[in-house]
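Student: Dropping the structure in here first, questions after.
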Amino acid sequence: MYESSIGGVKEFNFDIKDPNFYDEEAIWEEARRVFSKCKDCRMCIGFCPSFPTLFDAVDRNDDDVSKLSKEELAKPLELCFHCKQCYFRCPYTPPHEWRIDFPHLSLRYKAWKFKKKGAGLVQRLMVNTDLNGKLNAGHTAHLVNTFLNARPVRVILENLVGIDRRAKLPPFNTQTFRDWFSKNRGNTSGENGKVALFHTCLINYNYLSKGIALVRVLEKNGVHIELPDQECCGIPYFDIGDLETAQRKARRNVEKLKPYLDRGYDIIVPIPTCALQLKYEYPLLLPDDPDVKRISERVYDVHEYLWKLNEEGRLNKDFKVSMGRIAYHIPCHLKSLNVGYKGVALLRLIPDTKVRIVDRCSGHDGTFGVRKETFDMAYKVGSRLFEDLKAQESDIIVSECPLASNMISLGTGKTPLHPIEVLYKAYGGE
């Protein structure tokens, strides 16, 4: 597997404007159609809990999808956590005439369910990253982090709100990334580009060190950075099927990013999941917004952007520190971005540094990896990744996904770094 490897195609089977989009019988009919293809292929048996559940149900019903109850049709769609492994590996995705798109079928089902039944307060709070960050990051973060890591508190949280006591929760920053940036940004002429940084909730509220490394690496390469006002990208709301809130988030972010596009800025994103949302999900959520396509075409994964500088002969390669042996975890959503493994390619430019790719799902995704009802399934999905990483003779584990890193930390006892943090260290940063 090479760093130029790419993920899936860019077409999807998801039409939010379809008058039958929320029609229950139309959803069951589409589920039967998709399941009838999946049951004969079974390539995805080891990807996630959805497919073993589906195939077990089919086998119980004499291989006849038409005999599946609504509960049996719904369960595989409930268990999908949108890693998209099945999508970018499936030979029958669009433009194939069968147009199999299991993740978006699951999303459509969850959207129908949310319309019909809504979601509980706890579920709504768990996916509201903007609210959680504003309440907990900042001056009280030390207290909040200590509180959330106390075993008695975790037992209470498990019993009252369903957060598994074993799950590793993101820590909160004592200073938001936006506050840090306003006080510590450097002066760059922008000779190598101007970017609007979609920093993501995880960087702003939870992983400040990754954001600092990102800024310093971009500055090292003569890139001028601006921080647009922004909200959560909206993808956490896919967990509960709340498409209306996801659309509102998308619409507001498009409005806030558009002026930067008009001024010639590119948009860079440091986390593949959020980049995937802006690049591929926003056009599906807002199909009539003329600015969405423009934004989609100008969204770059941060490593994709830096690799572009390298190809143009403008990347700063003044690396001062070798980084030894790196085990590089490829997040599932990076493959769906269809941009290749540019972070791997960048790290291989560091002298006396060897990078080995580990291509397995961590099992975390959004809330799937922290909820009591799904934690064991998530950990089981990630177990093969953990074993592969423990078998590596590596000095550093790397992952572009902070949530996957949490799962890896649980499974291996080692805390992964973001590739941009490794680049920063290689430049001589702390």
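The values are calculated or read from the model by the stated rules, or taken from the named source; none is laboratory data. Note that the structure is a prediction, hence the values are computed from the model and not measured. Counting neighbours? That spans all protein chains shown, and the Cβs are built from the backbone with ideal geometry, glycine included.
Student: Answer yes or no as to whether Lys335 is basic (Lys, Arg), at pLDDT below 95 and crowded, with 20+ Cβ neighbours inside 10 Å.
Tutor: yes
Student: Now for a different question. Somewhere in the stretch 255-264, is a residue buried (at least 21 other Cβ atoms within 10 Å of the Cβ), touching a Phe, Trp or Tyr at 6+ places or on another chain (Cβ under 8 Å) and touching a residue at least 60 places away in the same chain (Cβ under 8 Å)?
Tutor: Yes: the stretch 255-264 contains one or more residues that are buried (at least 21 other Cβ atoms within 10 Å of the Cβ), touching a Phe, Trp or Tyr at 6+ places or on another chain (Cβ under 8 Å) and touching a residue at least 60 places away in the same chain (Cβ under 8 Å).
Student: Oh, and also: Which ranges mark the helices (runs of 4 or more DSSP H) fully within the stretch 56-170 that have 1 or more residues being basic (Lys, Arg)?
Tutor: Per the criteria, 70-79, 85-89, 102-117, 121-127, 129-136, 151-161.
Student: Which of the residues that make up the stretch 412-430 are touching a residue at least 40 places away in the same chain (Cβ under 8 Å) and in a helix (DSSP H, G or I)? Working first, answer last.
Tutor: To start, the set of residues in the stretch 412-430 that are touching a residue at least 40 places away in the same chain (Cβ under 8 Å) comprises 416, 418-429.
Once the filter is applied, which keeps residues that are touching a residue at least 40 places away in the same chain (Cβ under 8 Å) and in a helix (DSSP H, G or I), the stretch 412-430 yields Pro419, Ile420, Glu421, Val422, Leu423, Tyr424, Lys425, Ala426.
Student: Then there is this: Starting from residues that are without any contact (Cβ under 8 Å) to a residue 60 or more places away in the chain and surrounded by 18 or more Cβ atoms within 10 Å (Cβ to Cβ), keep the ones in the stretch 91-107 and report whichever is nearest to Trp28 (Cα to Cα).
Tutor: Within the stretch 91-107, the match that is nearest to Trp28 (Cα to Cα) is Ser106.
Student: Just checking, which of Val144, Val155 is exposed (fewer than 13 other Cβ atoms within 10 Å of the Cβ) and aliphatic (A, V, I, L, M)?
Tutor: The unique qualifying residue is Val155.
Student: Let me ask another. Just checking, which of Phe172, Phe177 is surrounded by 22 or more Cβ atoms within 10 Å (Cβ to Cβ), farther than 21 Å from Met407 by Cα and within 20 Å of the chain's Cα centre (by Cα)?
Tutor: Answer to the check: Phe177.
Student: Considering the stretch 286-303 alone, what residues qualify as being charged (D, E, K, R) and buried (at least 21 other Cβ atoms within 10 Å of the Cβ)?
Tutor: The one that is charged (D, E, K, R) and buried (at least 21 other Cβ atoms within 10 Å of the Cβ): Asp301.
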